[in-house]
Amino acid sequence: MPAPARLPEATRPDGVQAKDFVYGYVKRLILDLVLPPGHIITEMDIATVVGVSRTPVREAFLRLDAEYLLKLLPRRGAQVTTVTARQIRELNTTRLVLELYAAREIVAHQVDLSTHLNALIDEQQAITDAGAGYPAVVACDRRFHTAIIEAIGNAELAHLYRSMGDRQQRTGVVALTVHAGRAEMALRQHRDIADALSRFDLPAAEAALEEHLERHSWPLERYLP
């Protein structure tokens, strides 16, 4: 994991409560790996940068502890929780169940996603080529997969899938950080998924999704706890 960067300064917009602003600020630093797994931060660290008292920082830390992004340390602050290969594998297994169902519905109802998915692939390729950073790459990757889920018009399924978004963002950035070449590999696999769905070829779509979300996770065992 990279060493933590200097915390970026942030100004709270008018009308936003301090506790909500601090929560969003720290959460973004964790999801984008500015605060890497294992790093310890204190209430004063954040209060000084954001320009608030320690009370809203403490409240934000409690919320992030409840979301398993921070682990509170008595009299020491909080530690960013680790990301393990097992966590990534279990998250991807859950995503695979949902995306395989969506693929079956897309094929059964002949939902044409080709233009939308190819545009997202082009966007992800441009972001990767420009070196815009792993958080931007992962955010675009998430939009690709969310488009598949949302295409079938099942609001409950879409809500369930979006609830995993923060974990997808963080584990995705971790995976790219520890596994060189993963970004280009993901793009190739996205093209395979989009091609299969455009042809309404369910066996090919299922195989491409399994390759991307299941077997794609196993190499991380070599890099993560």
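In region 9-41, what residues are of a type in the set (Ser, Thr, Tyr) and part of a loop (DSSP other than H, G, I, E, B)?
11
If you go through region 100-111 one residue at a time, do you hit one that is within 24 Å of residue 6 (Cβ to Cβ) and of a type in the set (D, E, K, R)?
no
If you check 94, 128, 82, which single one turns out to be within 22 Å of the chain's Cα centre (by Cα), assigned to a loop (DSSP other than H, G, I, E, B) and under 30 Å from residue 209 (Cβ atoms)?
Only one candidate qualifies: 82.
Only one of (1) crowded, with 18+ Cβ neighbours inside 10 Å; (2) modelled with pLDDT of 90 or more is not met by residue 165, so which one is it?
The single condition residue 165 does not satisfy is (1).
Is there a residue being of a type in the set (A, V, I, L, M, F, W, C), within 30 Å of residue 38 (Cα to Cα), free of Cβ contacts under 8 Å to residues at least 24 places away in the same chain and surrounded by 15 or more Cβ atoms within 10 Å (Cβ to Cβ) anywhere in region 89-103?
no
Pull out all pairs, ordered by first then second residue, where Cβ-Cβ is under 6 Å, the residues are six or more apart or on different chains, the first lies in region 35-61 and is surrounded by fewer than 16 Cβ atoms within 10 Å (Cβ to Cβ), and the second is in a helix (DSSP H, G or I) and hydrophobic (A, V, I, L, M, F, W, C).
Pairs that qualify, where the first residue is surrounded by fewer than 16 Cβ atoms within 10 Å (Cβ to Cβ) and the partner is in a helix (DSSP H, G or I) and hydrophobic (A, V, I, L, M, F, W, C), are 54/47.
Could you go through region 65-76 and let me know if any residue there is assigned by TED's automatic domain parsing to the domain that holds residue 205, of a type in the set (Gly, Ala, Ser) and outside any strand (DSSP E or B).
No; the residues of region 65-76 include none that is assigned by TED's automatic domain parsing to the domain that holds residue 205, of a type in the set (Gly, Ala, Ser) and outside any strand (DSSP E or B).
Quick check on residue 126: is it assigned by TED's automatic domain parsing to the domain that holds residue 157, surrounded by fewer than 14 Cβ atoms within 10 Å (Cβ to Cβ), closer than 14 Å to residue 187 by Cβ and out of contact with any Pro (no Cβ under 7 Å at 6 or more places or on another chain)?
yes
Among the residues in region 42-54, are any under 25 Å from the mean Cα position of the chain (by Cα), part of a helix (DSSP H, G or I) and within 26 Å of residue 145 (Cβ to Cβ)?
No, the conditions are met nowhere in region 42-54.
The values are calculated or read from the model by the stated rules, or taken from the named source; none is laboratory data. All of these numbers come straight from a predicted model, not from anything done at the bench. All Cβ positions, even for glycine, are placed from backbone atoms using ideal geometry, and neighbour counts span all protein chains on display.
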